[in-house]
Amino acid sequence: MDTQETLVIEISPPDARALTHWFPSGAPGPAAIGEHVLATGIGRWWADRPAQPRTVAVSCAGHVVLRGTPEDLRPGFLAPLAGNRIEAPARFLPALGSAFGRLTPWERMVWTLQAPPQRATVPHTVTVRHLEPADTDALHALGPDAAWLSASWGGPLGLAACGHAWAAVDRTGHILAVACTYFRGTGYEDVAVYTVPDRRRHHLGLACVTALCADIAARGRTPSWNCSLHNRASRLLAWHAGFRLVREYVHYAVGSPVRQTRLSI
């Protein structure tokens, strides 16, 4: 096969001991993605070759972490990663720029829980509790705008049954807000939250995040938060929940491959 047409190939999950070579464990931010995929089986692994790879990628819920050496990469190699948000060292930028018709940088912020949360009082008609498998239909009812929330758990049933999600639920069983572990690492659990539009600014998201963070701490891990630099609402919620900024980074939203050789991921 022509080297220029060789594509990244899907591989079996790596041995946990080998994972730290590519994705250091116990760190907040994108590092948790590899640990989450390894622990849950939700996601995919990619490499330039099945044995002794030089470049490795892990993908889950539209996010990709790319590591290794890009010197021998050709544009077609990265085609299967199209349509995702890729976090990679700066040395990969020439290869990414050559591989995709669009490469859009997104500035991101990583926070960790460092302070007590502000108090969140919810109406007496609302209960903040763990999600359960019986809540699957209620998660579906949140509609497409909330579909991203369950993507890292394989869908609404996976999120409802994972034991890592809290929800604010009204007396009729409707979900008003959800906070969940989005990526579960060995040292950090990355938190995500969604509140239905007409109940925002009612502290429901904060109440769910506070309950989830207590759960994460009880598991011996530290809650982390990952958001866009330009997402003011997310930054304010993180601050009110007790998160504080630890670092910034950039990931890249990529479009279709230049050669139009695409494999869905």
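With every protein chain left in place and a probe of 1.4 Å, what is the accessible surface of Cys162, to the nearest 10 Å²?
Approximately 30 Å² for this residue.
If you average the alpha carbon positions of region 140-187 and of region 74-105, how far apart do those two centres end up, in angstrom?
Distance between centres, Cα-based: 30 Å.
Per residue, how much accessible area does region 75-203 show when a 1.4 Å probe rolls over the protein heavy atoms, in square angstrom? Walk me through the intermediate numbers first.
Details: 6050 Å² over 129 residues.
Per-residue value: 47 Å².
Are there DSSP H segments in the chain that both extend 18 Å or more along their axis (alpha-carbon positions) and score a mean Kyte-Doolittle hydropathy of at least -0.5? List them, or say none. Write down the numbers at each step before the final one.
Values: long enough: 204-218 (22 Å, 1.97).
Within the chain the helices that satisfy the rule are 204-218.
Mind listing P(r) for region 139-262? All alpha-carbon pairs, 10 Å bins, whole percents.
All Cα pairs considered, the percentages come to 12, 41, 33, 11, 3, 0.
Go through Thr127, Thr181 and list them by solvent-accessible area, largest first, probe radius 1.4 Å. Write out the running numbers ahead of the final one.
Details: Thr127 75, Thr181 0 Å².
Greatest to least solvent exposure: Thr127, Thr181.
Enumerate the amide H contacts of Tyr182 below 5 Å, restricted to partners 5 or more residues apart or on another chain; note that Pro and chain-start residues carry no placed amide H.
Counting only residues 5 or more places away or on other chains, the set is Asp190, Val191, Ala192.
Given a Förster distance of 30 Å, report the FRET efficiency between Arg49 and Arg102 from their Cβ-Cβ distance, rounded to the nearest 0.05.
Working: r = 28 Å, r/R0 = 0.92.
Given R0 = 30 Å and the Cβ-Cβ separation, E is 0.60.
What ratio of Cα Rg to 2.2 N^0.38 Å holds for the chain? Walk me through the intermediate numbers first.
Working: Rg = 19.2 Å, N = 265, 2.2 N^0.38 = 18.3 Å.
Ratio of Cα Rg to 2.2 N^0.38 Å: 1.05.
Quick one: accessible surface of Trp153, probe radius 1.4 Å, all protein chains present, in square angstrom to the nearest 10.
Accessible surface of Trp153 is approximately 20 Å².
Let me test this: with uniform point scatterers at the alpha carbons of region 54-184, what is the Debye-based log₁₀ I(q)/I(0) at q = 0.09, 0.10, 0.12, 0.18 1/Å?
Relative scattering, expressed as log10 I(q)/I(0), comes to -0.41, -0.49, -0.65, -1.01.
Comparing Gly155, Gly143, Gly97, which has the greatest mean-square fluctuation in the GNM of the chain with Cα pairs linked when under 10 Å apart?
Gly143
Could you check the spin-label model distance between Ala90 and Ala233? Points 7 Å from the Cα along Cα→Cβ, value in nm.
Placing both labels 7 Å beyond Cα along the Cβ direction yields 3.4 nm.
Quick one: 3J(HN,Hα) in Hz for region 191-197, Karplus 6.51/-1.76/1.60 with θ = phi - 60°, rounded, Gly and Pro as x.
3J(HN,Hα) across region 191-197, in whole Hz: 9, 10, 8, 9, 10, 4, x.
Calculate for the chain the 222 nm mean residue ellipticity that helices alone would give, adding -39,500 (n - 2.57) per DSSP H run of length 4 or more and normalising by residue count, nearest 500 deg cm²/dmol. It would help to have the intermediate numbers written out before the result.
Numbers: 7 runs with 59 residues, N = 265.
About -6000 deg cm²/dmol.
Can you sort Asp198, Asp215, Asp135, Asp15 by solvent-accessible area, 1.4 Å probe, largest first?
Descending accessible area places them as Asp198, Asp15, Asp215, Asp135.
The values are calculated or read from the model by the stated rules, or taken from the named source; none is laboratory data. Not measured: the values here are computed from a predicted model. Glycine gets a Cβ as well: all are built from the backbone with ideal geometry, and neighbour counts include every protein chain shown. With ligands, DNA and RNA removed, areas are computed over all heavy atoms of the protein, side chains included. Shrake-Rupley method; radii C 1.70, N 1.55, O 1.52, S 1.80 Å.
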